[in-house]
1. Out of E438, E455, E473, report the one residue that is on the phi > 0 side of the Ramachandran plot and open to solvent by 20 Å² or more (accessible area, probe 1.4 Å).
2. Return the residues of the stretch 624-653 that are open to solvent by 70 Å² or more (accessible area, probe 1.4 Å) and among the basic types (K, R); say none if nothing qualifies.
3. Residues in the stretch 394-406: is at least one at pLDDT 80 or above, open to solvent by 30 Å² or more (accessible area, probe 1.4 Å) and under 28 Å from the mean Cα position of the chain (by Cα)?
4. Looking only at helices (runs of 4 or more DSSP H) that lie completely in the stretch 172-291, which have at least 3 residues being within 25 Å of D137 (Cα to Cα)?
5. Which of the numbered conditions does A132 fail, given that it passes all the others? Conditions: (1) buried (at least 18 other Cβ atoms within 10 Å of the Cβ); (2) within 30 Å of D456 (Cα to Cα); (3) of a type in the set (A, V, I, L, M, F, W, C).
6. Could you pull out the residue among E160, E155 that is more than 23 Å from E453 (Cβ to Cβ), assigned to a helix (DSSP H, G or I) and of a type in the set (D, E)?
7. Of the numbered conditions (1) over 20 Å from A356 (Cβ atoms); (2) in contact (Cβ under 8 Å) with a residue 40 or more places away in the chain, S279 fails exactly one; give the number of that condition.
8. Here's a check for you: in the stretch 200-217, which residue that is open to solvent by 30 Å² or more (accessible area, probe 1.4 Å) and modelled with pLDDT of 85 or more is nearest to L186 (Cα to Cα)?
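The values are calculated or read from the model by the stated rules, or taken from the named source; none is laboratory data. This one's a predicted model, so the numbers in the text were calculated from it and none came from an experiment. No Cβ is skipped: glycine too gets one built from the backbone with ideal geometry, and neighbour counts run over all protein chains shown. Please note that ligands, DNA and RNA were not included when accessible areas were found on the heavy atoms of the full protein model with its side chains. Shrake-Rupley method; radii C 1.70, N 1.55, O 1.52, S 1.80 Å.
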Amino acid sequence: MMVDPTLAEMGKNLNEAMKILEDGRKASEPDADRRQFSRCSIPGPLQGDGQDVASILQLVQNLMHEDEEEDKPSHRRMQNVGEQGHMALLGHSLAAYISVLDRERLRKLITRIASDTTLWLCRLFRYESGSAYYHEDDREGLLKVCRLVINTRYEDYSTEGYTVLNSRQPVIYQSATCRPGLGQHLCSQLGLPLSSLCTVPCNTMFGSQHQMDIALLDKLIREDVETGKLPLLLIANAGTPGAGHTDKLGRLKELCEQYGMWLHIEGVILATLALGEVSSPVTAATRSDSMTLTLGPWLGLPAVPAVTLYRHEDPALSLAAGLTSSQPVEKLRALPLWLSLQYLGHDGIVEKIRHAVELSQQLLEKLKTLASIKTSDELDSEISFVDALTMVEDELNSPVVVFRFSQETSAESSGGSVEGYFAGEREVLDSLNRWLCERLAQLVPASGVDIVELEDEGTCVRFTPLMTAAALETQRCDVDLLVERLTELVPVLNCTLRLRLDFREEVYRHSALSYIEDLSWPGLGAVRYEPRIEELNDSKRQLEVEKINSELLVKLGDLDADLIFSTGLEFGPEKDCIFIGMATEDLDVAELVDMIAALGRDIEENGRLLENMTEVVRKGIQEAELQLQKDNQDKLMEEGVLRQIPLVGSVLNWFSPFQSTVKGRTFNLAAGSLDSTEPTYSMKAQTGGLASPETPTSSAKRLPGQRLFRREGAGGSDSHSETSSVGQAEDLSRERVPQPTPPYLVPDEAVSMAPEISETPQVPAKPEPTQENGEVGTQEGEQEERQPEGQEAPVEETGR
C-alpha cells in the first residue's frame, strides 16, 4: 500500500500539535513563560531566522489561555476534541495541500468529495434529489437561496437588476420566533427595504404560543397579493431558537404551494430526521424547498461548515445565485465534513443524535417528578414548564427542554398565583431564574444549560443536548446530577422569594436603614445605612454614606454567617448599598436587620467619637502649651537668674540644692483634661486611669456550632417562636456591638481592686506611712523618724 509521505507527515504533525495544545489546557499550574507572556500586550518584531513549530505552538497555547486567571477558575468547559474532531481539523490541512495539485487531479478529487458528501447527507436526512451548499456562516445558505428565488421569480433580474423589483415588491415572511436579526440581515445583504420583511405573529388563541399563526399568515399573504406585492419566501422553524418548538410544516408547505412561495426550514429538530422513528410534523420538513443543517454542534465536530440542502433544476440560476461555484477550491469546504462523516459512519451519527434526544427525555421525566415541592405550609414551589414546549401536537417530544422556577400560593392565603402578589414579581422571578441557570451551569458544567429569554414566560433555563451534548460529552449521570442540584436549589429560591417581603418590612422598622428596590438582584434584597447627620451638605453626606456602608460591608463579610454580602451587580443602578444574597428556611430576618442597623450605628458613632477626639486633642495641646509656658515662668521666678547661668548654676546647685515646686502634667485622652503627674509618681497609677472594662454583655443563647442569623430549631422544631428569635437577635446585637459605659459607672470588681484616692484622708485599719500624708497613724515616733528620710532623699539625689 502506497502512502503519501506528505500526508503521513501532516497527520503526525497534527497529532503532535493537538497533544501540545491539550496538555497545556489540562495543566493545572501555568508556567512562568505563560504568565510572562500573558502580561505582554505588544508583539515583538519578527525573528530573522524564524521559529520552529514547537515554539509557534507554544505561542498559540499562550494566546489561547492568556485571559484565564489562576485565582478565578472558570466553570466553562472547553469542547472536547476527540478523534472525530481530529479528522475535521485534518480536513482543513488537507484542503490546503490538495489545492496545490494539478487542475485535472484537483477537479476529479473535489467532484468526488462534493458528490459523496451531498449524497450521504441527503440520504441521512431523507432529502431526496437535493443539492448541497457548504458555508461558514449559518445565515449565508439562506441568503443564497433568497437570491436563487429572486432570479427564478424575476426573469429579467439578471439583465435589469433591482429595477425589476419596482414592478412587484418581493416579500419575505418569517416567524416572530426566528433568530433575532435574521430578517434584517437578509434585507441588508439583498438590498431590499425593511418593508419587504413581514414578521408573522404566533398563535394567541389556539395552539402553541411558539408556533406561527397560519390563519394570520394566510391573511397577510392575501393582503400583499391584493396590493401588488410578490410573496417570495417563507422561513419556518423546526425547533425555534428559544423554545425549540416546531411550526406546522405540513400546513405551511400547502400554503406555499398555493401562493407559489419558497419554503425554507431551519432549526435543531431537523437533526431527528436521521433517526428511524420520526413524527409527521418533522417529516414534513423533507418536502421543503431548502433547509439548513448545522452538523458541527450536533455531532461535536469543530470547524465544519453548515450545509444548506435545496432543490432546483436550473444549474445556471444556482450558479448565478452563488450556490455553486466554478472555482474548484470553493468546493473543498466539504472536505472536513467528508472525512468526519466517514469516520463516524451512519451508525455513529445516528447514535449521537439518539443519545442527545434520550438525554432530553430523561430530564423531562425527572422534572415531572419535581412538579410540586412543598417547603412550607403556605407556599408550594414548582418547576413550571413553558406551555407546549415539552409536548406538542401528534405526540412529538421536543429534544429541547425549557423550564422555569415559579411559585404559587395556596388558595387560602392569596386566592391564586403568586405572580403579581407584589409589584415587580415578574422581574424578581426572572432574576431568580437567571441565578438558577448560572448556579446549575457552575455545579454541572457538563449539562450545557443556558439562559433563554422568552417573550411571554420571561427568563427560563434551557437544556439543548443536541447542541451541547456531543461537545461536552454529556452522559445520563450528568442529567441525574443536574436534577439533584436543582432539587437542592429550589428550596433556596422558594425561601428567598418568600423572605424578600419580610426583609423589606424589617428594614422599614429601622429609621437609620433605607430599603433599596432592585428587582434585578437575585437575593434577599438591598439596604443602605443612612447616617443621622442633618447639617452636612449633599456632597459631604454622600461621602459619609459611602464611607459608612463600605465599612459596614466589610464587617458583615467578616461575620460567621452563611449569607453573602456584596455591592450588587457590576453595572447595577444602585451604589453605596449592601446586597444580601440567597436565603434559607432557617434565616432569622429580624436578627439580620438588627445586626445591620447595630453595626452601622456603631460605625457612625465611632466616626463621631474620632472627630470629637480630634477636637479635644487640639484644645488639650493648646492648653498644655499655655501651662508649660506658665510653669517655665514660675520655675524661673523660684530658681532665680543665677541658677540659669550654665557654670554658675551648676556650682550653686551643688552647694545649695533647690527643690522646684513645679509639677509635671499629663494629658488624659479619655477625659480630655490636663492633669498633674504627682499622683502618677506617688501612687504608680493615674488618677483618672481606672480603665473601665467592657460592659459585660448577655451571652446569646445559641447552640454550639450554630451560626449567625439562624433560628434555633427552624424547620424541624416548633419549641422556639419567632419572638424568641427576635429577642436572640437583640442579645446578639448587644454582644457584637458593645455600648459605651458611662464614666461614673464603675464595676464592683474594678472598685475592689483599685485604691481610692480622695481629698479627705481616711484612716486605714492598719495605718501605713505614705509620702502624701505623714501624720496618719498613732506611732508618732516612727512618723518623725520617717519624715526626715523622705525629705532628705531628693537632696542627696540632687547633690550627686
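1. E473
2. K630, K635
3. No.
4. It comes to 182-190.
5. Unmet for A132, out of (1) buried (at least 18 other Cβ atoms within 10 Å of the Cβ); (2) within 30 Å of D456 (Cα to Cα); (3) of a type in the set (A, V, I, L, M, F, W, C): (2).
6. E160
7. (1)
8. Ranking the candidates gives P201 first.
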